[in-house]
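Worksheet: the structure to be examined is printed underneath.
The values are calculated or read from the model by the stated rules, or taken from the named source; none is laboratory data. What you see is a predicted model; the values in this text were computed from it and never measured. With ideal geometry, Cβ positions are generated from the backbone for all residues, glycine too; neighbour counts draw on all protein chains shown. The accessibility values were calculated without ligands, DNA or RNA, using every heavy atom of the protein model including side chains. Shrake-Rupley method; radii C 1.70, N 1.55, O 1.52, S 1.80 Å.
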Amino acid sequence: MSQKKVASFKGAQVTGITISETGRLFANFPRWRKDIPYSVVEVMEDGSVKPYPNSDWNTWSLNQKPQDNQFISVQAMWADADKLYVIETANPQFKGIIATPKVQVFDLKTNSHLKTYTLTEGSFTNNTYINDMRIDHKRDLIFLTDSGAGGIITIDLKTGISKGYLTHSKTTKAEVETLTFDNGIWKGTVNSDGIALNEEQDILYFHALSGYTLYEINIDDLLNNDTSNIKSYTTGAPDGMLLDAHNRLFLANLEENKIEYLSPDRNKTKTLAQGKKVNWADTFSIYDGYFYYTNSRINEATGDISDMEFEIYKIKLPKFKND
């Protein structure tokens, strides 16, 4: 499949994207380095960007104290109905949290801040790094992956109370310490990272980035910390992960520069895209028949990134048959 460039960012390492039900595209940039131009932006139709929800939220810097109304280090987002949920890791440069991690919620109709869900004591550690999220409307829960400490964190949308799960399970821990790319060996141990939710079937999928095992668990079992009936599948080492409306599960295969998908019965793995335009596919979104993804180029961004380009691409989804 051929990719079309939606936007490109020079010297700004994009990780997350999400698209609202009205087609608004948002991107985020974690504070992995000293200077970043913004944390969250809305990407306009011509590829230009504007800080979201405004410039003030995007002006925090490393020499400042954490502020409740400024982004510190945003890893990912999730657009849901008329709301935008933004993951605040509060863990700039992976040096440990400097404030309590939280999820900031914005009203997409008014572009105003609605609510803050702050993680409650006991659900996170000093090296917690919230990575991705999904929302379960049946149970009014946000599911989050913790790629720092390893584990799944839930936030109750009604009470705001958060809890940690599978924190001592191998299922949420990295399996390897290196990944192999054409440009060499990338060293890193990233725990539970990608996440996907089948709300209709009450199933949660999750995967460590540094590993080759995808896990499928019934949500009630997860909430009971019961892994006795967990299912597992062998995949490439992923980052981005997304379930579509037809139960196809899309995953990055980082080492092979691919985006793959598992068939609804999980018995087949097929390739959606591969090649030079797939460079550490980080986050996925689907809108109006197109599949969007970010190239975060993490294995390549080992030094000065000021001359590097980080892109958002989209691909016209094919007419799937019997897969």
Inset, instruction - Within the range 214-250, track down each residue that is in contact with a helix residue (DSSP H, G or I) (Cβ under 9 Å, 6 or more places away or on another chain) and open to solvent by 30 Å² or more (accessible area, probe 1.4 Å). - result: Asp226, Thr227, Ser228, Asn229, Ile230, Ser232
Inset, instruction - Inspect all residues belonging to the range 141-157 and state whether any of them is of a type in the set (Phe, Trp, Tyr), surrounded by fewer than 22 Cβ atoms within 10 Å (Cβ to Cβ) and outside any loop (DSSP other than H, G, I, E, B). - result: no
Inset, instruction - Return a yes/no flag: does the range 77-90 have any residue that is free of Cβ contacts under 8 Å to residues at least 60 places away in the same chain, assigned to a loop (DSSP other than H, G, I, E, B) and either open to solvent by 20 Å² or more (accessible area, probe 1.4 Å) or not acidic (Asp, Glu) (or both). - result: yes
Legend entry - Any pair with Cβ under 7 angstrom, 6 or more apart, that starts in the range 199-214 at a residue that is farther than 18 Å from Ala149 by Cβ and ends at one that is open to solvent by 10 Å² or more (accessible area, probe 1.4 Å) and charged (D, E, K, R): Glu199/Lys138; Asp202/Asp220; Ile203/Glu216; Tyr205/Glu216; Tyr212/Glu175; Thr213/Glu175
Legend entry - Residue check for Ser61: within 29 Å of Ser8 (Cβ to Cβ) and surrounded by fewer than 20 Cβ atoms within 10 Å (Cβ to Cβ): yes
Legend entry - Filter result for Ile305 (part of a loop (DSSP other than H, G, I, E, B), within 18 Å of the chain's Cα centre (by Cα) and surrounded by 12 or more Cβ atoms within 10 Å (Cβ to Cβ)): no
Legend entry - Tabulated pairs, the range 41-55, first touching a residue at least 60 places away in the same chain (Cβ under 8 Å) and within 14 Å of Ser112 (Cα to Cα), second open to solvent by less than 70 Å² (accessible area, probe 1.4 Å) and part of a strand (DSSP E or B), C-beta under 6 angstrom, 6+ apart or interchain: Pro53/Phe106
Inset, instruction - Mind listing whichever residues of the range 165-209 are over 16 Å from Pro238 (Cβ atoms) and of a type in the set (Asp, Glu)? - result: Glu177, Asp182, Glu199, Glu200, Asp202
Legend entry - Test: residue in the range 14-32 that is open to solvent by 40 Å² or more (accessible area, probe 1.4 Å), assigned to a strand (DSSP E or B) and either in contact with a strand residue (DSSP E or B) (Cβ under 8 Å, 6 or more places away or on another chain) or more than 16 Å from Leu108 (Cα to Cα) (or both): no
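One residue is enough: does the range 106-122 have a residue meeting the conditions open to solvent by less than 40 Å² (accessible area, probe 1.4 Å) and assigned to a loop (DSSP other than H, G, I, E, B)?
Yes; the residues of the range 106-122 include at least one that is open to solvent by less than 40 Å² (accessible area, probe 1.4 Å) and assigned to a loop (DSSP other than H, G, I, E, B).
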Inset, instruction - Kindly indicate whether any position in the range 286-294 is surrounded by 16 or more Cβ atoms within 10 Å (Cβ to Cβ) and among the charged types (D, E, K, R). - result: no
